[in-house]
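Right, one structure below, let's go through it.
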Amino acid sequence: MIKNLAFFMLCSLPCMSQAHSGHTHSEPHQHAHAEQAPVTLTQATIRDFLPAAKSTAGYFTLSNTTKQAMTLVKAEIEGLGRVEIHEHVHANGMMRMQKLDKLEIAPDSQVEFKPGGYHLMAFEPTKPLKVGENRKLTLYFADGNRVYGLIEVISLKTQMHNAHNGHQHH
């Protein structure tokens, strides 16, 4: 039993060390789960790629708890080659998507990323999404802050069910 536990722990070390790779303790950073984080991330979901689809969408809520505006400039999702910030806009009676280079979140406010509004568009999977798994989501802000969180992979059926019931996540 002790040999099995020791072997398991030894095999787990590479995975545990990768959890903090690419980050030093001297860098300023924020975690979504940290109480002092200026921006909090909740209800993060990304829809699994539909067959033959080249992109998928991610949704969540961002809350800015500071007395100053925070500007989101970039997002990354583990296993996806490219992630863009988008919004739906109504123009000339048509609804269309447009890429945003940045998104300002007003002081003491929240922004909901949802179908028909702000959302993340994800492209170029380097690792296939699997319904039920969680991927690392990193949000980058203009002031150098970063927010780390997990984004849950959901099916189109679950997304439609959640939208029908007025929420994104159970």
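Structure values in brief
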{"read-out": "Phi-based couplings in Hz for segment 139-149 (Karplus 6.51, -1.76, 1.60; Gly and Pro marked x)", "value": "10, 10, 10, 4, 7, x, 5, 10, 10, 10, x"}
{"read-out": "L156 versus M97: modelled label distance in nm, points set 7 Å from Cα along the beta carbon direction", "value": "1.4 nm"}
{"read-out": "Within segment 28-164: Cβ-based charge dipole about Cα centre, in debye rounded to nearest 20 (Lys, Arg +1; Asp, Glu -1)", "value": "360 debye"}
{"read-out": "5 angstrom amide H check on E133, placed H, neighbours 5+ away", "value": "V153"}
{"read-out": "In Hz, Karplus ³J(HN,Hα) per residue of segment 50-59 (6.51, -1.76, 1.60; θ = phi - 60°; x = Gly, Pro)", "value": "6, x, 6, 6, 9, 8, 8, 10, x, 9"}
{"read-out": "Additional length obtainable on full extension of the chain from T66 to E84, 0.36 nm per residue less Cα span", "value": "4.0 nm"}
{"read-out": "Projected label distance in nm at E104 and A142, using a 7 Å step from Cα toward the beta-carbon", "value": "0.7 nm"}
{"read-out": "Per-selection Rg to Rh, segment 66-170 - Cα, Kirkwood hydrodynamic radius", "value": "0.97"}
{"read-out": "24 Å Cα-Cα reach of K157 towards lysines, excluding residues that sit fewer than 8 places from it in its own chain", "value": "K54, K114, K127, K130, K136"}
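Quick note: the coordinates plus some simple rules give every number you see, no bench work behind them. Because the structure is a prediction, the values reported are computed rather than measured. Backbone-built Cβ (ideal geometry, glycine too); neighbour counts: all protein chains shown.
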